[in-house]
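Bear in mind these aren't lab numbers, they're just calculated from the coordinates by the rules spelled out. It should be emphasised that the depicted structure is a prediction, and the values quoted were computed from it without experimental measurement. Backbone-built Cβ (ideal geometry, glycine too); neighbour counts: all protein chains shown.
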Amino acid sequence: MESASAGAELPSAEDRRTVWRWGALTAIGVVLGYAAVLLANSRHFYTDDTESQYAPMWVMLGRHLRHFELPFLAPDQWMTGNYTQEEAGLFNPPQLLVDLIAPSVSNLAVLVTVVKLIFSIIAALGVFRICREYGSRPEWAAVAGVAFPLTGWFLFFDEASWVTSLTGTAWMLHAWAASIRYLRGRSGPLPVFVYLYLAISVEYVFPAVEGVLMLFAVAVGELVFRKAWREVVRLALVAGCAGLVGLATYLPSMLSAKVSWRGTSQINNDQFLTVPWSESLNASLPSTLPSFTSWWGYIQPLPVTYIAWFLIPVLAFVDWGRARAAWKELTSIALFAIMFLMWTAGPGTIGPLRWPARVLPMLAVGLLILVCVLMGRFGTVRDWRQRSIAAGVLIGLLWVRSFSADPHNWHWHLLSALLVAGLGAAAVWLWRTRGVALACVLVVVAMFPIAYGQVARAQPTPMSWNLPADMAAAQRAFPGFDGLTLQLGNRGLLQPGDRTLEGAYSSLVFGNYAKDVHRNYVNGYTPNGHFWFGDMICMAWDSSVCPDSYRRVFATEPVTGRTIADLMKVDRVVLQKALYPDAGNQPAPAGWHFVEYPGHQRWIWVLERDGGPISGVNGRVADAHNVSAVSTSETPYTSVVKVSSQSGGKVVFARLGWPGYRVTLNGHPVSFTTVAKSFVAVDVPAGTDNAELVVTWRPPGWLIGSAAAAAGLFGLAAMQWLYLRPRRGRFSGADAMPEPERELVESLS
């Protein structure tokens, strides 16, 4: 009753039913956990980057997909239009399915909550599978699975805001379970490849790097445990195949780094979001508010280092004598947790990897798996009195550490410690009198009111933009702007009462909100934008601008003699009144006039061109000096222009100068430059007569990425064939299938 073996014997039909039952309870537990969180804050999963970046991007991408388009580049969206850089997951099939559905769900809060719930269930079942692969009882595997989506950082950041971290982590956890099965001969290479590729192709680099470290930990663990050199080499080859296929996801960003905000490789330690190791001692006190430097100062308003109420006290109920004899089997889990514990403390920036606190979920999942495997194999209530005293001492240490980090809330920490002690005593009593299953049920059920209390205590959340969730209502309320619009405003000037659809969001866009209201804006949310463009007009990641932006946009660019607004071919400039209170009382820039939009005068001044819109005139030709340039064909990726010039001249395009452009003149490659380090420009030689100038963009490195993907798929096919070949002669009829598939068929029959 108190332990489970890690042997490789096939489970009986009854055992399989038990596992399926606890797996189903894991999924139900995640649903109940989400319900508890939503009772505390109905918008918890629709906040910060989810509302301002991801959900609007899903809607926009879905509209394109429904027209059978995959938008790698959207030139009008100057801030966000290079979607090979924007965590869009353009090569990730589940994400494309989400995109395809998104435009049909008017309430974005409902959309993202359901999507995140599904991926949280996937993540929880991944944790469940990992625990089972290391021999844990299904009851404790379920405890770990339900607990993980309710851990501090994962709940308050990855699930609430950074959804690509949630989705990538979910697939990475299944890759971990599949890797163990492959190494131990219980499955083939295909599941490992699929899960790794899905983790890589979400286009968020952290799960990809975390997957590499996971594979390293698993490989070391298997070498220590079984000296399985051949199996580890095979796993490395399969992982390499997944990496080759996934290379196309990151190669464009890598090759564009020199012009992006993130820049090239660097290693710094600025202490921002670096978490001291001692904060891990807060892991089991629900009231903990850790101390490290973040956006909100030193003491955090959210319990981001919390993992699970039982995690530390339950160590007193491990039979450590028996556990020590099995240490080799658990090496990989311990190594995984240790690596991420070290990472959380810094450096602050390693190339594109910044803010070490982002890996707190990996520390949490590593410790949850380790503790629940220990409990699932070596848990005991023998000598329960002495063990209860030891658990009480551990709870006291938790209180001391939480008090040290946040002394002003000592009374909440004391109540929290008493709560953990009471729950622990009840769980021990159930274990002794009713069995381990009911004790585990109590451990899980206690998580829900704790999650509710943590989220409720954090209200009003410091993360919300409070963007409207109802797309249809937002579109009706917004001005009917056609053409291409540039907004100059600053989100920091919005007061809390302004952030409503009846307020500023009826007239102003920040982040990707323009995609919600289905308007064509320069503005957008980008974590990895074009450095020189942002610098030129003083626009930040959320599309907020500095007061000097108005002057810069209408300043004359010296090479062309045109304004920046002309070179961008914008039709309208919207000025936030809070940032430019007197702009509408001053003369408009030359060639522009102010226009009133009834119902929106409180928030914005609107400038429009005297001669009407120009964004659709002559393609993307923004300026032609000493050149006759007539657009004959235009797509997001290609501009075709007929050019003539007797003395030679320059054509400037309303295209941002991302790497990946190629230019031909009458089919012959020619060089190109940029104006103001931003606009694509081509010098046309003297004597050119009615020549065809073609400017084409492709994601940089796409040929290399395609070749790598082909090589990776070929390698996977070879590995799968080598796996299946010896099994074909071993079985016949209904048995002629790999063991994992046989097990699945048997379990379903």
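Ignoring everything except DSSP H segments at least 4 long, calculate the 222 nm mean residue ellipticity for the chain; use -39,500 (n - 2.57) per segment, divide by total residues, nearest 500.
The helix contribution divided over the chain gives -15000 deg cm²/dmol.
I'd like the distance between the alpha-carbon centres of segment 200-264 and segment 296-365, rounded to an integer number of Å.
After rounding, the separation between the Cα centres reads 21 Å.
Rounded, prolate or oblate: which fits segment 13-86 when a ≥ b ≥ c are the square roots of the eigenvalues of the alpha-carbon gyration tensor, with rounded for a/c under 1.5 and prolate only if a/b beats b/c? Don't skip to the answer; put the middle values down first.
Values: a/c = 4.07, a/b = 1.96, b/c = 2.08.
Oblate, since a/c reaches 1.5 and b/c is not below a/b.
Taking the chain, how many lysine pairs are there with alpha carbons less than 23 Å apart, if each pair must be eight or more places apart or span two chains?
Going through the chain pair by pair, I get 10.
Could you please rank 181, 551, 432, placing first whichever residue has the fewest other Cβ atoms within 10 Å of its Cβ?
Values: 181 18, 551 10, 432 13.
The order, fewest Cβ neighbours first, is 551, 432, 181.
So if R0 is 51 Å, what FRET efficiency would residue 666 and residue 353 give, r being the distance between their Cβ atoms, rounded to the nearest 0.05? Don't skip to the end; give the middle numbers.
Working: r = 46 Å, r/R0 = 0.90.
Computed FRET efficiency for residue 666 and residue 353 comes out at 0.65.
Nearest-5 percent of antiparallel DSSP beta bridges in segment 471-609? Before the final figure, lay out each step's value.
Values: 11 of 17 bridges.
If we restrict to bridges inside segment 471-609, about 65 percent are antiparallel.
Under the definition of Cα pairs under 8 Å and six or more residues apart, what whole-number percent is the relative contact order of the chain? Please list the in-between numbers first.
Numbers: 1400 pairs, mean separation 115.3, N = 749.
About 15 percent, as a whole number.
Where the only charges are on Cβ atoms (+1 Lys, Arg; -1 Asp, Glu), what is the dipole of the chain about its Cα centre, to the nearest 20 debye?
Numbers: 57 positive and 51 negative charges, 404 e Å.
Dipole about the Cα centre, nearest 20: 1940 debye.
Rounded to the nearest 0.05, what FRET efficiency do residue 35 and residue 408 give with R0 = 22 Å and r taken as the Cβ-Cβ distance? Could you check?
Working: r = 31 Å, r/R0 = 1.43.
Efficiency for this residue pair is about 0.10.
Convert each backbone phi in segment 383-388 into a coupling constant with the Karplus relation 6.51 cos²θ - 1.76 cosθ + 1.60 (shift: θ = phi - 60°), then list the ³J(HN,Hα) values in order as whole Hz, x for Gly and Pro.
6, 5, 5, 5, 5, 5
Angle, helix 108-133 long axis vs. longest principal axis of the chain, Cα atoms, 0 to 90°, nearest 10?
In the chain, helix 108-133 runs at an angle near 40 degrees to the longest axis.
List the residues whose amide H sits under 5 Å from the amide H of residue 563, counting only those 5 or more places along or on another chain, with H placed 1.01 Å from N in the peptide plane.
Long-range HN contacts for residue 563: 557.
Enter the mean projected area of the convex hull around the alpha-carbon atoms of the chain, in nm², rounded to one decimal. Can you show the working numbers first?
Numbers: hull surface 139.6 nm².
Projected over every direction and averaged, the Cα hull of the chain covers 34.9 nm².
Could you go through segment 534-539 in sequence order and give the Karplus-derived ³J(HN,Hα) for each residue, using 6.51 cos²θ - 1.76 cosθ + 1.60 with θ = phi - 60°, rounded to whole Hz, and x for Gly and Pro?
Each residue's phi maps through the Karplus curve to give x, 5, 5, 9, 6, 10 Hz.
Just check segment 238-318 against the gyration tensor rule for me: Cα atoms, a ≥ b ≥ c as the square roots of the eigenvalues, rounded for a/c under 1.5, and otherwise prolate or oblate depending on whether a/b exceeds b/c.
Judged from the Cα gyration tensor, segment 238-318 comes out oblate (a/c at least 1.5, b/c at or above a/b).
Could you tell me the extents of segment 483-543's C-alpha atoms along the three principal axes, largest first, rounded to whole Å?
35, 26, 17
How big is the gap, in Å, between the Cα center of segment 105-175 and the Cα center of segment 52-102?
Each part's Cα centre sits 24 Å from the other's.
So if R0 is 25 Å, what FRET efficiency would residue 445 and residue 107 give, r being the distance between their Cβ atoms, rounded to the nearest 0.05? Write down the numbers at each step before the final one.
Numbers: r = 30 Å, r/R0 = 1.20.
So the FRET efficiency works out to roughly 0.25.
Does segment 621-697 come out rounded, prolate or oblate by the C-alpha gyration tensor, with a ≥ b ≥ c the root eigenvalues, rounded set by a/c under 1.5 and, if not, prolate when a/b is larger than b/c and oblate if not?
Working: a/c = 1.59, a/b = 1.32, b/c = 1.20.
In terms of gyration-tensor shape, prolate.
Check residue 82: other-chain or 5+ apart residues with amide H under 5 Å from its amide H, H built from backbone geometry?
Answer set, sorted by chain and number: 74.
Relative to the longest principal Cα axis of the chain, at what angle does helix 189-201 sit, 0 to 90 degrees, rounded to 10?
Here the helix axis deviates by roughly 40 degrees.
Go through the cysteines of the chain and tell me which have no other cysteine Cβ under 4.7 Å away.
For the chain, the answer is 131, 241, 372, 440, because their Cβ atoms have no other cysteine Cβ under 4.7 Å.
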